[in-house]
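Structure, as structure tokens:
Taken together, the values in this text are just the output of simple stated rules run on the coordinates, not laboratory data. Remember, it's a predicted structure, so these values are computed and weren't measured experimentally. Note that each Cβ is placed from the backbone with ideal geometry, even for glycine, and that neighbours are counted across all protein chains shown.
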Amino acid sequence: MCLPAPECARVGLALAALRAAIGPIPPAWLRLPPADNPAAPAGRFDANRFFGVFDRLAVAPGHTLDYVYNFSGNAGRPLLYTRRTGARPLATRAEHEQHASRVRSRPAFLDQVQLAAGDPVAALHLAWFALEAPKFYLHWHAQYFDDELVVLPGQLKALLARIPASASDPLEARRVIAEPARAALRALDLQPRVAFGPDDASGEVTALAFGQWQGFHWRRTRFRRERSWLRRDALIIEHSVKVVAPYHCGIIF
């Protein structure tokens, strides 16, 4: 089913506004040799603000979303996880790996995320939260996976305006989206879609996205609950892409 256009637009605009307000990576996290998650810098971004955008989701009572910052010199990104509100924050990447190994949900930071089954808007929020939440404070090589969801005609128009329609040098062909592909993109229905499985706790969300290193593509996000008699169900997310109009910005880190 098509998801409501006003809600898709609201989420897209709210997400863009939030990401624009995050600010630069705290300098304390960009030092060599890398310091494993030093004391949280004052004013660092609070990842729980994503729940103001994806308001059909919530963390289980008594828990919070947190992260370890992983910096290796040529790349840096947050490693998200959930913890009890009063518990000591994780301090190192090794601690994060140990925590993730004990959690069945994938990605691991979904472990305490709750949503109503069978709600198509909640499914959209879940799919986009799983994709977007880890994409802040990205440094250098980590920017390769910083795709942008495209839900508004204005977004598509602005992206195409930044990309040449032709090139005289054959070596620049990857940095071009020619007019036939542009026309096909403009003809697309940009409304994201959701399809539920037979139990309403599984399904998939499909939306158009753009990446500087692969171009425009349909991003399909499948979600399901894995049931276990040992503990509560684990939430599993899997992403796949189908390229519609290939593009490469020409930058190789």
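Annotations
- Relative contact order (%) - criterion: Cα under 8 Å, at least six apart; region: segment 5-245: 17
- Structure-based [θ]222 nm, the chain - -39500 (n - 2.57) summed over DSSP H runs of at least 4, per residue, nearest 500: -7000 deg cm²/dmol
- Estimated inter-spin distance, ALA14 and ALA167, nm [label 7 Å along Cα→Cβ]: 3.9
- Each Lys and Arg adds +1 at its Cβ and each Asp and Glu adds -1 at its Cβ; summed about the Cα centre, the chain shows a dipole of about 260 debye.
- From least to most packed, judged by other beta carbons within 10 angstrom and beginning with the fewest, ILE252, ILE22 follow the order ILE252, ILE22.
- The share of C-alpha pairs in segment 5-245 whose separation exceeds 22 Å stands at 58 percent.
- Legend: calculated FRET efficiency, GLU226 to ILE251, from the Cβ-Cβ distance at R0 = 51 Å, rounded to 0.05, equals 0.85.
- Ranked for footprinting exposure by Cβ neighbours inside 10 Å, fewest first, LEU126, LEU3, LEU32 give LEU32, LEU3, LEU126.
- Footprinting exposure proxy for GLU7, GLU179 (fewest neighbouring C-beta atoms within 10 Å first): GLU179, GLU7
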